[in-house]
Every structure is written in C-alpha cells, then in structure tokens.
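Single-structure report; data block below.
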Amino acid sequence: MEPKDNIIWPSFKRQFNTAVSGDNTVRKAVPYLDRYQQEQLERQQERQKRWEKQIHKRAVQKEFEEVADYWIDLGVDGFRMDAAMHYEENATNANCDILNKLYTYCKEKNPQFYMVSEVWASENVIADYYASGTPSMFNFDAGTAKGALVNAVRKGDPVSLVNSMLKYQNDFSAKNPDYIDAPFLSNHDMARIANTLVNDPDKIKTAAGLLMTMNGSPFVYYGEEIGMNSSGTKDENKRIPMVWSKTDITGMTKGPADMDAGIESPFPAEDEQEKDKDSILSYYKNALRLRNQNPEIARGTIEKVESLCKDSQAAITKTYQDSTIGIVYNLGEGNDTVDLKGTALENMNLEGSLTLKEETVQLKDGKLEMPPCSIVVLK
C-alpha cells in the first residue's frame with residue numbers, strides 16, 4: 001500500500017548501534033559512529049518528530065483502517081500491536097488514543113475482534129495503557145527473567161506471586177473493568193525461559209504451572225512447552241526453529257539466516273516428549289487441561305486466603321458466575337501438609353492437581369497433602 005498525502009512513513013529499523021535518551025538526543029555514540037552515520041541518526045530523529053506530528057492526522061488514521069480492512073476481510077480476528085509505547089514517545093494519552101481509535105474501528109467490523117499490545121514497561125505504566133479501552137497488554141511485570149513468575153519459582157515464594165496477581169487485578173481493572181491480562185514467561189526478544197531457569201526441568205514445569213493459573217489469556221512462546229533453548233543476546237538465536245523431531249526433519253524450517261549453528265536443548269524433541277508422561281510437554285498439556293476444565297482460573301475474581309499464605313505455601317480463591325474454586329501452591333522442595341480447616345477452602349473437594357512426576361495428592365479430614373512444587377485446584 002503506497003503512502004498518501006505526503007505522509008512521512010519512518011523506518012523504525014535501527015541502522016547502526018547507538019544509545020538514545022528519552023528525548024531522542026544522543027546520549028552516547030559508539031566509537032565507530034562516523035560523521036555520515038551521525039547525520040543519518042539526526043535525520044532519523046527528525047523523521048520521528050515529523051511522524052509524531054502526523055500520526056494523529058485523519059489521513060494516517062485512514063491508512064490504519066485500510067490496513068485493518070485488508071486483514072479482517074481475510075478472516076483475521078485480532079491484532080498484536082507492536083511497540084505501542086512508541087507511536088509517540090513518552091505520550092501515554094496520545095498512544096492510548098491511537099489504540100482506542102483502531103480498536104473501536106475493528107470492533108465495528110467484527111464485534112469479537114481482539115487486540116493485545118506490547119507495552120514493555122513497569123506494572124503502573126501497563127495499567128495506564130488499559131485506559132485505552134483495548135482488552136489486553138502483555139504483562140511484562142509477570143514475565144521476563146526478573147518478573148513475578150520467575151521470581152516465585154527461583155525463591156520458592158508463591159506469596160509474592162499472589163500479591164502481584166492481586167495488584168494486577170486491582171490496577172488493571174481500575175482503568176478497564178473488562179481487561180484480559182496477557183501473562184507470559186518469555187518471548188522472541190529475550191532469553192527463553194529454559195535458559196533463564198538453567199534448564200532445570202522441575203523449575204520449567206513449575207513456571208508453566210504458575211502461568212496457567214493466572215487470570216486472562218496466557219501466551220506461550222513456541223518451544224517453551226518442550227524446553228527449547230536460545231543463545232546469547234542475538235535476536236536470531238532466540239527465534240530458532242521449533243524442534244519437532246531430532247530424527248525426522250521433514251518439513252521443518254531452517255530458521256533465521258543469521259542465527260548461529262549448533263544451538264541445542266538438553267531436552268528431547270516434541271515427538272519424543274509426546275511419549276513421555278513426565279515430560280515438560282506432558283506437564284503443559286495437563287496444565288492446559290486443568291485450566292480449560294475450570295473457567296474460574298481465567299475469569300475469576302481473586303481473593304487471598306491469608307492464613308494459608310506463608311513461606312513456600314500460598315492459597316487463593318477465584319469466583320466466576322457464582323462458582324468458586326481454590327488454588328493451593330506448594331513451591332517448597334519437600335512435601336507439605338496444608339490444613340484447610342477454618343478457611344474458605346474447608347468444604348471444597350479435590351478437583352485436580354499439577355505435580356512434577358504425577359505424584360499423589362491427598363485430601364483427607366480437611367488436610368491437603370502436597371508433594372514438592374505442586375499446585376492443587378479445589379472446588
């Protein structure tokens with residue numbers, strides 16, 4: 001589609017390596033940045049400023065709508081909005097307005113249309129973007145190597161995750177009561193979760209279990225479900241092909257042209273993990289099955305069971321359409337006995353569980369016996 005009305009369409013691809021401050025002035029240039037490159041940088045910054053002046057023009061909005069028309073008419077029913085913070089730098093309200101206008105237009109064409117936006121920022125900034133009225137923001141506070149999910153796994157501390165989940169619920173719903181959280185563990189721009197958790201299969205499973213008990217629509221970056229690895233900081237090395245098989249590579253892609261050779265994972269390929277009931281893949285399947293069988297997990301209002309939240313143990317309830325479930329976490333390295341008497345979980349029954357190696361969970365006389373790093377759903 002050709003640009004119209006003399007609109008300046010900027011190139012967001014970085015042409016050289018430099019660090020730029022928030023107001024787009026050069027903070028630090030790399031030693032080999034010669035004068036030509038410096039001039040190119042200044043021109044790029046000027047184009048960015050001109051773009052920011054034009055992005056709110058009706059002609060630009062019309063262009064967005066025509067692009068949306070093309071894909072919606074082909075059957076696409078949702079968009080991932082890349083770099084939503086950077087349509088206009090440091091301008092949350094302006095960016096929210098852009099998101100809202102496009103989302104409103106798409107919803108008029110398809111009432112079931114979905115949108116999830118990339119706002120790579122702190123929790124409070126993500127919350128601010130829910131004022132756009134669009135349904136989902138990737139939850140970078142929960143995801144990433146330093147996020148709430150990984151932190152809970154590394155420290156064996158589910159209470160910290162429960163507190164984060166309550167904060168998301170309160171802060172996000174305050175800006176958009178109909179928000180749909182979009183938690184994740186890692187994505188195409190960062191080290192894979194298996195690398196972050198040093199290829200520990202128990203920790204990888206536990207992280208997946210925690211993710212699948214969060215509200216909203218969790219996102220799984222392909223390959224996480226089999227413990228695929230990445231390598232270093234090079235983007236291409238974070239986007240290697242899915243390892244469907246290590247023996248039959250028929251139909252498998254070759255991956256990005258510039259990725260390094262020899263990036264291997266210590267875990268079997270998908271076809272082998274399919275046969276192993278204790279594999280990472282089997283754990284993911286069990287977690288998804290438990291989630292789908294209990295819609296309260298995705299949609300329920302969270303309440304903390306204070307008396308059961310201590311050390312490596314935590315418990316919450318989730319209520320959706322007059323149905324309440326309990327979720328109990330044991331992230332300790334040993335077995336744990338959880339006394340449910342006198343709590344909101346006291347009269348509930350065992351609905352399902354996630355354990356590392358299909359260990360037995362027992363509920364008897366109000367006491368819940370849980371193996372290490374396990375999650376139990378009660379109803």
- Message: Test of understanding: among Ala142, Ala194, Ala208, which residue is part of a loop (DSSP other than H, G, I, E, B) and surrounded by 17 or more Cβ atoms within 10 Å (Cβ to Cβ)?
- Response: Ala142
- Task: Can you confirm whether the stretch 139-154 contains a residue that is free of Cβ contacts under 8 Å to residues at least 60 places away in the same chain, over 17 Å from the mean Cα position of the chain (by Cα) and over 20 Å from Ser117 (Cβ atoms)?
- Result: yes
- Looking only at residues in the stretch 231-245 that are in contact with a Gly (Cβ under 8 Å, 6 or more places away or on another chain), assigned to a loop (DSSP other than H, G, I, E, B) and not hydrophobic (A, V, I, L, M, F, W, C), which one is farthest from Leu197 (Cα to Cα)? Pro241
- Message: I'd like to verify a number: residues in the stretch 92-122 that are in a loop (DSSP other than H, G, I, E, B) and surrounded by 15 or more Cβ atoms within 10 Å (Cβ to Cβ), how many?
- Response: 5
- Query: Which residue pairs have Cβ atoms closer than 7 Å, lie 6 or more positions apart in sequence or on different chains, and pair a first residue in the stretch 341-369 that is of a type in the set (Ser, Thr, Tyr) with a second residue that is outside any strand (DSSP E or B)?
  - Reply: Thr343/Val305; Thr343/Ser307; Thr343/Leu308; Ser353/Val361; Thr355/Val361; Thr355/Pro371
- Selected residue (only one of Ala182, Ala174 is in contact with a Ser or Thr (Cβ under 7 Å, 6 or more places away or on another chain) and either more than 29 Å from Lys310 (Cβ to Cβ) or modelled with pLDDT of 95 or more (or both)): Ala182
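Inspect the stretch 271-282 for any residue being more than 23 Å from Leu210 (Cα to Cα), outside any strand (DSSP E or B) and in contact (Cβ under 8 Å) with a residue 24 or more places away in the chain and give the result as yes or no.
Yes, some residue in the stretch 271-282 is more than 23 Å from Leu210 (Cα to Cα), outside any strand (DSSP E or B) and in contact (Cβ under 8 Å) with a residue 24 or more places away in the chain.
The values are calculated or read from the model by the stated rules, or taken from the named source; none is laboratory data. Bear in mind that the values here come from a model prediction, so they are computed numbers and not experimental data. Using ideal geometry, Cβ is built from the backbone for each residue, glycine included, and neighbour counts are taken over all protein chains shown.
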